[in-house]
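A short write-up of the structure that comes next.
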Amino acid sequence: DGPTVLEQIQRARVVPVVVVDDANEGLGVAASLRDGGLPVAEVTFRTAGAAAAIEAIARELPDVLVGAGTVVTPAQVDEAVEAGARFLVSPGLSAPVVRRAQEIGVPILPGVATPSDIIAALDLGLSAVKLFPANVVGGPGAVTAFSAPFPGLRFVPTGGVSAANLLDYLALPAVLAAGGSWMVDRALVRAGDWAEITRRTREAVELAATLTT
Ligand code: 3PG
């Protein structure tokens, strides 16, 4: 058996949050992320083309760990997994969404923003959650504060993460990985500026490597 999906995310240390209109944009972004050394893409269910993009990435770029983001209904869990998503991310915590993901055996990182959310996540048997919006709930200090009563829980802070503060999050032991859209800015995708996406990705990978080696 190879590493689990959560282990792969932990190794990657960064989860790029991707918004694309169609399969072609999805393939361009996923290939650019891979070329930058980060073969991971969370394709958000915010566009009509999200499932098609996941499907294309899963088919054409099997070396990229593709997941679905902004999954907020149990039906979207099924849609995402049928398209080929290997992990799921949600901005908040919905027990029906988490239970559906668990039923079909796909890891899910639901969003938490309060200790009550965390208690609900632990109740559902989760060992890792997304912290969202990380910058609004207090940044790296919030991770530290939330960790104190919940030792062992791992966080994927997302929201307002950039090259400027990435290491502040990744340096914290409770942080599994950090998520964000800064490498795959919508304007870059629309312009097809794959070189800049790859450059930002490589920068993030190199930053993360300063901590892990
Ligand atoms: C998300 O859904 O996780 C956020 O849109 C990502 O936040 P960011 O755009 O501030 O990186």
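The values are calculated or read from the model by the stated rules, or taken from the named source; none is laboratory data. Source: prediction; values computed, not measured. Note that we place each Cβ from the backbone using ideal geometry, even for glycine, and neighbour counts take in every protein chain shown.
Could we say that Val29 is more than 16 Å from the ligand (Cβ to nearest atom) and either in a helix (DSSP H, G or I) or free of Cβ contacts under 8 Å to residues at least 12 places away in the same chain (or both) here? When the stated conditions are applied, Val29 does not pass them.
So for the range 169-185 (the condition being among the aromatic types (Phe, Trp, Tyr) and under 21 Å from Val20 (Cα atoms)), does at least one residue qualify? Scanning the range 169-185, I find at least one residue that is among the aromatic types (Phe, Trp, Tyr) and under 21 Å from Val20 (Cα atoms), so the answer is yes. Going through the range 179-213 one residue at a time, which ones are without any contact (Cβ under 8 Å) to a residue 24 or more places away in the chain, surrounded by 12 or more Cβ atoms within 10 Å (Cβ to Cβ) and within 22 Å of Pro133 (Cβ to Cβ)? Of everything in the range 179-213, those that are without any contact (Cβ under 8 Å) to a residue 24 or more places away in the chain, surrounded by 12 or more Cβ atoms within 10 Å (Cβ to Cβ) and within 22 Å of Pro133 (Cβ to Cβ) turn out to be Trp182, Asp185, Leu188. Residues in the range 95-119 that are under 25 Å from Glu79 (Cβ atoms), of a type outside the set (A, V, I, L, M, F, W, C) and part of a loop (DSSP other than H, G, I, E, B): Gly105, Pro107, Pro110.
Within the range 142-163, the presence of a residue that is of a type in the set (Ser, Thr, Tyr), more than 15 Å from the ligand (Cβ to nearest atom) and modelled with pLDDT under 95 is excluded.
Taking every residue in the range 92-111 that is closer than 18 Å to Thr4 by Cα and pairing it with any residue that is buried (at least 24 other Cβ atoms within 10 Å of the Cβ) and hydroxyl-bearing (Ser, Thr, Tyr), at least 6 positions away or on another chain, the pairs with Cβ-Cβ distances below 7 Å are Ile108/Ser90; Pro110/Ser90.
Please determine whether any residue of the range 133-143 is in contact (Cβ under 8 Å) with a residue 24 or more places away in the chain and either of a type in the set (Phe, Trp, Tyr) or over 23 Å from Val71 (Cβ atoms) (or both). It would help to see each step written out before you state the result.
Taking the range 133-143 as the starting set, the residues that turn out to be in contact (Cβ under 8 Å) with a residue 24 or more places away in the chain are 133-137, 139-140, 143.
Still in the list and also either of a type in the set (Phe, Trp, Tyr) or over 23 Å from Val71 (Cβ atoms) (or both): 139-140.
Yes, because at least one residue in the range 133-143 is in contact (Cβ under 8 Å) with a residue 24 or more places away in the chain and either of a type in the set (Phe, Trp, Tyr) or over 23 Å from Val71 (Cβ atoms) (or both).
Results for (1) touching a helix residue (DSSP H, G or I) at 6+ places or on another chain (Cβ under 7 Å); (2) of a type outside the set (A, V, I, L, M), shown as yes or no for each residue.
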| position | (1), (2) |
| --- | --- |
| Ala148 | no, no |
| Gly159 | yes, yes |
| Ser162 | yes, yes |
| Val189 | yes, no |
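Working carefully through the options Val72, Val20, find the one that is more than 12 Å from the chain's Cα centre (by Cα), closer than 24 Å to Phe155 by Cα, in a loop (DSSP other than H, G, I, E, B) and within 15 Å of the ligand (Cβ to nearest atom). Steps first, answer last, please.
Details: Val20 fails: closer than 24 Å to Phe155 by Cα.
So the residue among Val72, Val20 that is more than 12 Å from the chain's Cα centre (by Cα), closer than 24 Å to Phe155 by Cα, in a loop (DSSP other than H, G, I, E, B) and within 15 Å of the ligand (Cβ to nearest atom) is Val72.
Yes or no: the range 88-96 includes at least one residue that is in contact with a Leu (Cβ under 7 Å, 6 or more places away or on another chain), modelled with pLDDT of 95 or more and of a type in the set (S, T, N, Q). No, the range 88-96 contains no residue that is in contact with a Leu (Cβ under 7 Å, 6 or more places away or on another chain), modelled with pLDDT of 95 or more and of a type in the set (S, T, N, Q).
Look through Pro140, Pro133 and report the one residue that is of a type outside the set (Gly, Ala, Ser), closer than 23 Å to Val14 by Cα and buried (at least 18 other Cβ atoms within 10 Å of the Cβ). Break it down stepwise before answering.
Working: Pro133 fails: buried (at least 18 other Cβ atoms within 10 Å of the Cβ).
Every option except Pro140 fails the conditions.
Considering Leu167, Leu188, Leu122, Leu126, the condition of being more than 16 Å from the ligand (Cβ to nearest atom) and part of a helix (DSSP H, G or I) is satisfied by Leu122 alone.
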